[in-house]
1. Please determine, by comparing only the residues of segment 175-191 that are out of contact with any Gly (no Cβ under 7 Å at 6 or more places or on another chain) and small (Gly, Ala, Ser), which one is surrounded by the most Cβ atoms within 10 Å (Cβ to Cβ).
2. May I ask you to list the residues in segment 150-164 that are touching a strand residue (DSSP E or B) at 6+ places or on another chain (Cβ under 8 Å) and under 23 Å from residue 128 (Cβ atoms)?
3. Mind checking which pairs have a first residue in segment 24-51 that is on the phi > 0 side of the Ramachandran plot and a second that is surrounded by 13 or more Cβ atoms within 10 Å (Cβ to Cβ), Cβ under 6 Å, 6 or more apart or different chains?
4. Going residue by residue through segment 120-140, is there one that turns out to be crowded, with 24+ Cβ neighbours inside 10 Å, within 28 Å of residue 300 (Cβ to Cβ), in contact with a helix residue (DSSP H, G or I) (Cβ under 6 Å, 6 or more places away or on another chain) and at pLDDT 95 or above?
5. What's the total number of residues in segment 256-288 that are surrounded by 20 or more Cβ atoms within 10 Å (Cβ to Cβ) and touching a strand residue (DSSP E or B) at 6+ places or on another chain (Cβ under 9 Å)?
6. Have a look at 67, 21 and point out the one that is surrounded by fewer than 21 Cβ atoms within 10 Å (Cβ to Cβ), outside the structural domain of residue 322 (by TED's automatic domain parsing), of a type outside the set (Lys, Arg) and closer than 22 Å to residue 218 by Cα.
7. Show me the strands (runs of 3 or more DSSP E) entirely contained within segment 175-245 in which 3 or more residues are more than 21 Å from the chain's Cα centre (by Cα).
8. What is the residue count in segment 313-348 for residues that are in contact with a strand residue (DSSP E or B) (Cβ under 8 Å, 6 or more places away or on another chain) and small (Gly, Ala, Ser)?
Amino acid sequence: MKTSIPFLDLVTPHLELESELMDVVRTTFRDASFIGGRTLDTFEQNFASFTGAAECIGVASGTDALLFALIAGGVKPGDTVLTAANSFIATAEAITQAGATPEFIDIDERTYNMSPVELRSYLESCTLHTSSGKRLGRRTGTPITAVLPVHLYGQMADMAAITEIAREFHLLVFEDACQAHGAEQFSAHEDRWLKAGSSSRAAAFSFYPGKNLGACGEAGAVTTSDPEIARQIRILRDHGQSQKYYHEVIGYNGRLDTIQAGFLDVKLKRLARWTEQRRTVAARYTDLFATAAGVITPYVPAGSKPAFHLYVVRVNHRDQVREHLTNAGIGTGIHYPVPIHLQNAYKELGYKKGDLPVTEKLAMEVLSLPMFPHLEAEQQRCVVEAVTEVVESQPKHFSSTAV
């Protein structure tokens, strides 16, 4: 009998929460407060508290969150912003939409996040613009003003190292935390654990339905501890209004619907538990793969607690492995098959194959396996057996250059 294991289960949690979610709808209908209001305020306060940031501003999507964070945080047209290319294109789109241009830093082969070593090497190789004190982008020739690391798959980038480098080179630091709700990293400087969303000038979160904290539609948020940035984002999301019909700037229609805010607040109460369940699922996968030659499981550095938005392995002949799992009724994903620097949308930047060797290598090897809080141990055993079966049948086992 064919196995049936979904890549993601969005049915079970919504059935469990159906009564509370419908209460949100009924309350909103009775109040007729469809945009803004007390429900939105409550969610913003609760999510800010969850992340450890002083402020949370709900917006219409994760892409809006990235865009508004950059604009309000000080990125200007003509600037260059450094980021990673192994992300969803929204990371770069937001930079472009803010009037800046992305340039891409290669990643660490173990964590899949921006490499601090590559970041420093890149900056040291760039021309110094003496009048501004800024380095100029290699491809853009314009001042590098900010760095936007991505907390990929739910594991935080090395924020301590990146922040130190940014301070040395006079760069602003933002976080793409769209996959990292609840991820943590130990700060030796502060002697405490910090959550994603509290380690930079401003951080962007997506609440797309498949995220660890997902809406029932599109939604996003920015977290920051800078009250002026928060004020500016609240204006930007609402057509540039500081009060109704008084427009300080040209803004956007980027507000978070009340019903979505209410749904998110219901789910937020479970997020810590769901995150621990994800960590348990991830640990079980890693144990089950312990003796599987040819499979590289996620690397978790000391001082990191990933939120495991995804559980991503690396295998040789990835497409063959994926086809085998599909035929076995097991859902999978590839995050992401084409790095942003090689996307047609960014061809004008002039990147070519070989420019980001680690990013490009991993794009051919990564495979996302089923991952959700309610994933059962027996389902995981089936997944691991299917992966192991095809990998061990290959004539040559996978090899890595990772240290």
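The values are calculated or read from the model by the stated rules, or taken from the named source; none is laboratory data. Predicted model only: the values in this text are computed from it and were never measured. Cβ atoms come from the backbone with ideal geometry, glycine included; neighbour counts cover every protein chain shown.
1. 182
2. The answer is 162, 163.
3. From segment 24-51, the pairs are 37/258.
4. no
5. Looking only at that region, the number is 11.
6. The match here is 21.
7. The strands (runs of 3 or more DSSP E) meeting that bar are 241-243.
8. 3
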